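Taken together, the values in this text are just the output of simple stated rules run on the coordinates, not laboratory data. Being a predicted model, the structure only gives us computed values, none of them experimental. Every residue, glycine among them, receives a Cβ derived from its backbone with ideal geometry; neighbour counts consider all protein chains shown.
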Amino acid sequence: MSARDLAEAVRSGARSARSVLEEHLDSIAAREPEIHAFNVVLADEARTAADEVDRRVAAGEDPGPLAGVPVAVKDNMCTRGIPTTCSSRILEGWIPPYDATVVDRLAAAGAILVGKTNLDEFAMGSSTENSAFGVTRNPLDTTKVPGGSSGGSAAAVAAGFVPLSLGSDTGGSIRQPAALCGVVGVKPTYGAVSRYGLVAFASSLDQIGPFARTVSDAALLLEVIAGHDPLDSTSIPEPPADLTSVLDQGVEGMRIGIIEELSGDGLEGIAGDVRARLAEAAAALEAAGATVETTSVPSTVYGLSAYYVIAPAEASSNLARYDGVRFGLRVDAPTSGDMHSATRTAGFGDEVKRRIMLGTYALSAGYYDAYYGKSQKVRTLIVEDFARAYGRYDLLLSPTSPTTAFSLGEKTADPMTMYLTDVCTIPSNLAGHPSMSVPFGVGDDGMPVGVQVLAPAMGESAMFRAAAVLEAAAPPGAAS
Amino acid sequence: MTERITPGDVAHVADLARLSLTDDELEAFTVQLADILDHAADLDALDLTDVEPTAHPLPLVNVFRADVIGPTSDRDEVLAAAPSVEEAQFKVPPVLGEGQ
């Protein structure tokens with residue numbers, strides 16, 4: 001049942017929020033030990049919240065557009081009174097004294113928070129294998145990764161644990177796991193969703209967005225969480241787009257460009273089955289009345305290199321706050337300096353250390369211009385190339401991930417191999433643009449393939465219209 | 001782009017970032033960081049002479065609010081999250097060790 005139908009059933013009194021919740025808790029109990037999508041399942045808190053929704057319905061009140069819908073939230077979003085770990089040991093014992101704005105908005109919409117989901121530590125990774133609390137497995141094949149870093153949120157939706165979840169996307173961390181798990185994942189325009197209470201990784205790139213099993217449900221969740229927030233100074237003041245009302249408007253007359261550099265011809269590593277599904281997706285859009293052609297957005301190929309300087313540089317600064325003084329882990333030592341080092345050395349995992357050191361190096365005297373300065377200029381080229389492309393096209397298209405889900409352990413030995421899985425998703429983050437992954441059939445291994453729809457800033461309406469067309473035309477998905 | 005990163009460079013940035021590395025870690029991280037920085041060398045192919053840097057996707061301006069006191073975090077609740085406190089202050093080990 002879709003989130004929309006569940007909310008409608010609860011609002012009308014046809015179903016109780018409690019019964020909806022118990023059904024989902026049962027499915028969690030059945031498969032969570034195998035999948036490990038969650039860092040914590042909040043069954044008691046969820047039951048209390050569901051009973052409150054039922055009480056409000058009985059009293060004739062409207063609990064909101066997500067009334068009684070179970071949701072999961074990535075464990076890098078603050079929840080008052082509930083541990084928020086970022087899947088890192090360094091936040092051990094920390095209980096946030098406030099809720100992230102998105103968590104507030106979910107509650108205000110009547111949604112039921114059932115758990116916090118696993119992630120690559122501090123959202124740094126593409127497979128959810130960097131978690132201090134163990135890996136999350138792909139529900140469609142438990143020998144495969146779910147993608148990352150929001151692998152727990154993607155797996156929770158794919159496994160049927162919840163119809164909706166939230167992730168965060170800094171370089172593809174919503175879209176890539178969505179593609180690998182066969183669900184819809186959206187990275188909204190930078191600033192469309194408040195980052196207040198999202199633990200910072202790379203602040204100029206981070207954005208919260210929805211996972212759902214359908215395009216329509218993703219639209220519903222995005223409408224609930226989007227909109228201006230005075231607590232986030234980078235929050236866009238304009239009202240968010242109405243997505244639900246445009247979902248059935250189709251793509252007749254739209255101009256859509258397939259990004260040549262990210263779809264095979266100009267780039268090594270896009271698998272043949274992924275390229276085949278992309279071609280079929282393009283044909284489906286054409287059949288629906290859009291004009292689709294291949295186009296060059298040349299600097300997008302440089303996005304990966306620029307990103308793996310810019311994101312670590314911002315992270316090295318953001319993660320300086322974990323020093324054992326104000327919250328989380330402290331490893332005692334005779335002096336403060338030694339305590340900082342002992343705490344950070346014990347608290348951070350290897351990938352986080354790698355990125356902190358990379359960022360520190362890229363920002364250090366003598367190397368700043370060669371790495372950070374240069375990468376920021378490349379960011380400008382990417383913004384300009386996208387601007388030119390959107391002068392000619394309403395939307396752009398690419399694969400979401402170069403391959404279907406890879407095996408657990410396959411890419412952990414070589415960080416650069418892992419980073420390459422983000423090549424198609426990174427350019428949107430550097431430009432601050434929205435993009436989303438829509439499931440479109442399966443690869444040769446029977447695992448899901450995702451097609452990425454890219455739009456200019458604030459272009460979510462057109463993006464969702466195309467996504468709805470792709471969803472309707474998609475070949476059968478993976479059998480779970 | 002520049003000379004390859006050395007174990008000495010990695011030890012230096014680890015120290016700046018307050019991370020302690022074992023000898024094995026230093027060796028492994030040096031190889032991995034060099035690989036990542038080598039990949040970034042593909043940016044050398046671009047002519048960036050007259051290109052302005054972009055630090056942020058939005059044209060950021062100062063955001064002001066009315067100078068009115070709103071809800072703030074409860075002090076005791078914030079302090080309760082700290083590993084060590086004394087008299088409403090965060091408590092840390094001595095900043096200077098013996099002989100410093």
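For this structure, a couple of remarks:
- Value of relative contact order over chain A, rounded to a whole percent, pairs C-alpha under 8 Å and six or more apart: 17 percent
- The dipole here belongs to chain B: it is taken about the Cα centre, uses +1 on the Cβ of Lys and Arg and -1 on the Cβ of Asp and Glu, and is about 540 debye.
- Nitroxide proxy distance, nm - points 7 Å out along Cα→Cβ at A:A333 and B:D50: 5.0 nm
- Relative contact order for region A:56-113, counting Cα pairs under 8 Å that sit 6 or more residues apart, in percent: 42 percent
- MRE, 222 nm, helices only [DSSP H, n ≥ 4, -39500 (n - 2.57), over chain A, to nearest 500]: -11500 deg cm²/dmol
- Cβ-defined net charge surrounding A:K374, 14 Å radius [Lys, Arg +1; Asp, Glu -1]: -4
- Computed over chain B: relative contact order in percent, which uses C-alpha pairs under 8 Å that are six or more apart: 17 percent
- Backbone phi angles across region A:409-426, fed through the Karplus curve with coefficients 6.51, -1.76 and 1.60 (θ = phi - 60°), yield HN-Hα couplings of x, 5, 10, 6, 6, 10, x, 5, 4, 5, 4, 4, 5, 9, 4, 7, 8, 4 Hz in residue order; Gly and Pro are listed as x.
- Between amide H atoms placed 1.01 Å from N, distances below 5 Å from A:L164 occur with A:A72, all of them 5 or more places distant or on a separate chain.
- Stokes-Einstein diffusion for the protein assembly as shown at 20 °C, viscosity 1.002 mPa s, with a Kirkwood radius from C-alpha pairs, works out to 89 µm²/s.
- 3J(HN,Hα) from dihedral phi, region B:14-27, Karplus parametrisation 6.51/-1.76/1.60, rounded to Hz, x for glycine, proline: 4, 5, 4, 8, 6, 10, 9, 10, 6, 4, 5, 5, 4, 5
- Evaluated at q = 0.10, 0.17 Å⁻¹, a Debye calculation over the C-alpha positions of region A:190-293 (equal weights, vacuum) places log10 I(q)/I(0) at -0.45, -1.03.
- Annotation: amide H-H contacts under 5 Å for A:N39 (H modelled 1.01 Å from N, sequence separation of 5 or more, or interchain): A:K116, A:T117, A:N118.
- Lys, Arg +1 and Asp, Glu -1 on Cβ, resulting dipole of region A:163-256 about Cα centre, debye, nearest 20: 320 debye
- Of the two radii for region B:1-45, the radius of gyration is 1.03 times the Kirkwood radius, both from the alpha carbons; that is the Rg over Rh value.
- Residues of region A:12-39 with amide N under 17 Å of a point placed 7 Å along Cα→Cβ from A:T48: A:18
- Estimated inter-spin distance, B:V78 and A:A365, nm [label 7 Å along Cα→Cβ]: 3.4 nm
- Gyration tensor verdict on region A:400-480 (Cα atoms; rounded if a/c is under 1.5, prolate if a/b is larger than b/c, oblate otherwise): oblate
- Global geometry of chain B, whether rounded, prolate or oblate, following the gyration tensor of its Cα atoms and the 1.5 cut on a/c: oblate
- Region B:1-45, dipole about Cα centre (Lys/Arg Cβ +1, Asp/Glu Cβ -1), debye to the nearest 20: 180 debye
- Counting only residues at least eight positions apart within a chain, or on another chain, the lysines with an alpha carbon under 22 Å from that of A:K353 are A:K74, A:K411.
- Rounded FRET efficiency, nearest 0.05, which uses the C-beta distance separating A:E61 from A:S12 and R0 of 22 Å: 0.95
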